[in-house]
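Colleague: To start, I am sharing the structure in question, which I have written as structure tokens.
Derivation of every value follows stated rules applied to the coordinates shown; laboratory data play no part. The structure presented is a predicted model; accordingly, all values stated were derived computationally and were not measured. No Cβ is skipped: glycine too gets one built from the backbone with ideal geometry, and neighbour counts run over all protein chains shown.
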Amino acid sequence: MEHKPVAIIMPVYNSGVHLKPAIDSILKNTKYPFKLILVESESTDGTDKLCDQYSVLDNVEVYHTKKEGITKAINYGIKKAGNLDVYLTQDDVIIPKLYKRDWLSILVKLSKIKDCGAVTTIVAGGVSGPSYIDGFLWAGTWSLFIPRKTIKRIGLFDENFSPGPGDDIDYSYRIKKDKKIYIANFWVDHHRKTENFNDNLEFIKGKNAGYFRRKYNIYPSWSHYVFDNEDFLLDDRTRETLGCFKPNEQLDDPGTMLEIKNITKKFKKDDLTLDIGANTGLMSLVVQKGRVLAIEPTIETFDILKTNSIINSNKNIKVLNEAVYDKEVPYVMKYALLNKVPWSGMNKVEILKDGKKKTITIDSLKLKRVKLIKVDTEGCDIEVLKGASKTLDKYSPILITEGILKDNKYLKNKKYKFIKYIGEGNINSLWKKEFRRID
């Protein structure tokens, strides 16, 4: 009996040394009828020409498209496949002589199982045997067989995720809602991270996670963090950043986070919390009501902060990559050390005439309705507050500071009263104006 061929769709971009072994492995190790569709997207390393060399084969089709992300490339290939079932792969090598069976024949057979929407051989790193996905789990698009009947029911991949990642998580969720995904008990191919994965993906991952959350009102598979019964999504790098990951596995300072959460419960819509030295943004995330301006000087940490603010799009957080001080001066970053390793924050602003950037002051931002200022700037807290003199006088915000003693003269002159020590090791201090403004 003749079988209708399966369309093997392979998006490629700057695939370099990976592409030829990947294509050859498909040609040599596949007995079931197939049509290989290569979707190449403005490569600059000769990948486009290598694809054209294979176009002379009867069962290989090559298409050159604009570089708009892997999700759009996959959809382009699915459309070109017509009415065929599809198998998705990304520059990956098919494992030769897989248990002396034809890998594609097995996937086609498994797809006939009742209530099966798709077949995968990789789910979050692999499985020990065949089983159904009863909950929402991720089936990666680099090793996914999708029957045409499933594509007709649920449609193409969501191009709002292009460039990826997140498209496969979204598609898995849609399949799960319609039919189940079957997990085969073997590996089809060797997956390699090639240039398809290098489009500033840490930032895009955060952006797409936020989109997924808005779309379904559920959390995708990015890091999930719960604090005081409140859920957050976190960029995976948050846990790896020095200064955030504690020996007891608690992120940041739970005591101070809880204080901020309680203080901001009664805030109004336009009330502003300033998070100076925001690090990766955990203190900003626990703010309950109002607006947040999170300021972080270190570029690497700011990138994570920005991603976390995007992922948690229900929080009204704006971010700023600046160093705050008591005056505007040129500076360079000078990092604190922890066990001889650079800490994630500044130790001190080092004023240098040839500094490429200038510090800013809080007063220069001309902010409105400032109700809380949290300052954690590794030794610069009092300088930061001196640069906020007008803001303190105008709005009388509550202060949370690090390492400022309760008898500090500047804050006493500003009519601030020390309330208590808070946070891990009582390093932070809570201050309130003796006679606060009432707006």
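Colleague: As a footprinting exposure proxy, order His18, His3 by other Cβ within 10 Å, with the fewest listed first.
Modeller: Least crowded to most crowded, the residues run His3, His18.
Colleague: What's the extension gain from Glu2 to Asn59 if we count 0.36 nm per residue and subtract their Cα-Cα distance?
Modeller: 18.9 nm
Colleague: Counting only residues 5 or more places away or on other chains, whose amide H sits under 5 Å from the amide H of Phe34 once H atoms are built in the peptide plane?
Modeller: Placed amide hydrogens put Val6 under 5 Å from Phe34.
Colleague: Using the Cβ atoms and a cut-off under 10 Å, what net charge is assigned to the surroundings of Pro11, where Lys and Arg are +1 and Asp and Glu are -1?
Modeller: Working: positive: Lys72; negative: Glu40, Asp91.
Net local charge, Pro11 excluded: -1.
Colleague: Next question, about the same structure. For Lys406 and Asp393 in one chain, what is 0.36 nm times their gap in residues minus the Cα-Cα distance, to one decimal in nm?
Modeller: 2.7 nm
Colleague: Using only Cα atoms, locate the centre of region 420-435 and the centre of region 362-394, then give the distance between them in Å, rounded to an integer.
Modeller: About 16 Å separates the Cα centre of region 420-435 from the one of region 362-394.
Colleague: Kindly put Cys116, Cys380, Cys51 in sequence by how many other C-beta atoms sit within 10 Å of each C-beta, fewest to most.
Modeller: Result, fewest neighbours first: Cys116, Cys51, Cys380.
Colleague: Then there is this: Efficiency by 1/(1 + (r/R0)^6): what FRET value for Glu42 and Lys368, r their Cβ-Cβ distance, R0 = 30 Å, to the nearest 0.05?
Modeller: Efficiency at R0 = 30 Å is approximately 0.05.
Colleague: Return the distance in nm (one decimal) between the two label points of a simple spin-label model at Lys79 and Ile419, each offset 7 Å from Cα along Cα→Cβ.
Modeller: That separation, rounded to one decimal, is 5.8 nm.
Colleague: Further question: If we sort 150-157, 406-413, 33-40 on the protection proxy, mean other Cβ atoms within 10 Å, highest first, what's the order?
Modeller: On the way: 150-157: 16.6, 406-413: 13.2, 33-40: 21.8.
With the highest mean Cβ count within 10 Å placed first, the list reads 33-40, 150-157, 406-413.
Colleague: Sticking with this structure for a sec: Please compare each pair in Lys306/Lys358; Lys207/Lys265; Lys4/Lys28; Lys261/Lys420; Lys67/Lys215; Lys35/Lys207 to a cut-off of 23 Å on the Cα-Cα distance and tell me which ones are over it.
Modeller: Numbers: Lys306/Lys358 21 Å; Lys207/Lys265 27 Å; Lys4/Lys28 19 Å; Lys261/Lys420 16 Å; Lys67/Lys215 25 Å; Lys35/Lys207 34 Å.
With Cα atoms farther than 23 Å apart: Lys207/Lys265; Lys67/Lys215; Lys35/Lys207.
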